[in-house]
1. All other residues with a Cβ under 14 Å from the Cβ of residue 207 taken together, and with Lys, Arg as +1 and Asp, Glu as -1, what is their net charge?
2. Given springs between every Cα pair under 10 Å in a Gaussian network model of the chain, which of 112, 63, 202 has the largest fluctuation?
3. Say a paramagnetic label sat at a point 7 Å from the Cα of residue 58, along Cα to Cβ; which residues of segment 158-183 have their backbone N under 11 Å from it?
4. Extension gain residue 127-residue 237, at 0.36 nm per residue separation less the Cα-Cα distance, in nm?
5. Can you tell which of 98, 142, 79 lies farthest toward the positive end of the dipole of segment 35-159, using +1 and -1 charges on the Cβ of basic and acidic side chains (Lys, Arg; Asp, Glu)?
6. Say R0 is 51 Å: what FRET efficiency, to the nearest 0.05, do residue 82 and residue 4 get from their beta-carbon distance?
7. Pick out, in residue order, every one of the trypsin sites (Lys or Arg not before Pro) in segment 112-141 that is DSSP loop and has at most 15 other C-beta atoms within 10 Å; say none if there are none.
8. For a quick protection proxy, order the peptides 213-222, 152-161, 114-123 by their average other-Cβ count within 10 Å, most packed first.
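Bear in mind that the values in this text are calculations on the coordinates, not laboratory data. Since the model is a prediction, treat every value here as computed from it, not as a measurement. All Cβ positions, glycine included, derive from the backbone under ideal geometry; neighbour counts span all protein chains shown.
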Amino acid sequence: MKEEKKKVIKKYIFVFFVLFVILTSIFIMIKYQVEGETKMPYNLEQIVIKSTLGSKNLDGDELWNLELKQDNDIYIYIGRDENNDDENKIEKVTVENISVNGIENTDNIKILLPTGDNIDNIYSNSTKDYKNEKIEFLGSNVDSLDKHEICEDGGMIALRVENSNIGTYTSNKDKEIKYDSSLLEKAKIPEENLKFNISFDLVIEITSGVKYKSTLNYDLPTNSFKDSGTNTKVIEDFSNIIFKRE
């Protein structure tokens with residue numbers, strides 16, 4: 001009889017232990033899904049988005065013959081976690097799975113990469129559209145915008161989201177052109193038509209081969225052009241951004 005009781009007790013202990021292990025594993029999995037990686041060697045430090053109205057000149061006899069466009073320059077700063085003793089460096093940073101939503105003609109949206117190192121004119125010769133490609137920024141000694149490289153100890157990557165050919169404006173009356181919502185009104189372009197959403201996966205790969213991945217999502221342009229042709233948004237709160245290992 002005593003032996004039977006011992007067997008039953010052992011059985012219950014075993015079942016309890018198995019349930020404890022299962023519940024602990026489930027808790028850890030749920031916690032990871034909610035919080036993601038909490039001790040990454042490299043983290044997002046800042047994202048700056050600069051939205052501007054622009055144009056290019058078209059052939060014609062008019063004083064002003066413009067094809068209007070709207071650019072969104074995105075600068076992503078990645079820094080080393082000072083509290084992390086990991087000696088790994090950045091192998092590369094990847095932007096992939098780019099998705100554009102909320103705009104009728106997605107063909108007008110282009111993803112451009114810098115072709116120069118002058119921060120004020122780095123897209124002057126950028127023509128290739130990377131919207132459907134995986135974009136890699138390789139780790140190097142220093143940031144190099146035109147070579148699409150990021151400092152292996154932490155640095156910056158840059159890309160442009162261009163909304164091309166949003167309309168045209170022709171005039172012989174204007175003495176000067178002011179790039180704000182007044183130009184959109186003259187060209188009969190509702191500012192609401194410029195709005196869209198872009199999302200993409202950002203992958204930080206370190207030299208050990210570990211990859212940390214998160215999805216970034218932004219509404220563009222960053223603000224109305226009512227008072228200015230340029231709007232800048234600085235993002236430093238990443239509490240809602242969750243990185244997970246691939």
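1. -2
2. 63
3. The answer is 165-171, whose backbone nitrogens lie closer than 11 Å to the label point.
4. Roughly 36.3 nm would be gained on extension.
5. 98
6. Once rounded, the FRET efficiency stands at 0.25.
7. Answer by residue number: 128, 134.
8. Values: 213-222: 17.3, 152-161: 20.0, 114-123: 14.1.
Top of the packing list down: 152-161, 213-222, 114-123.
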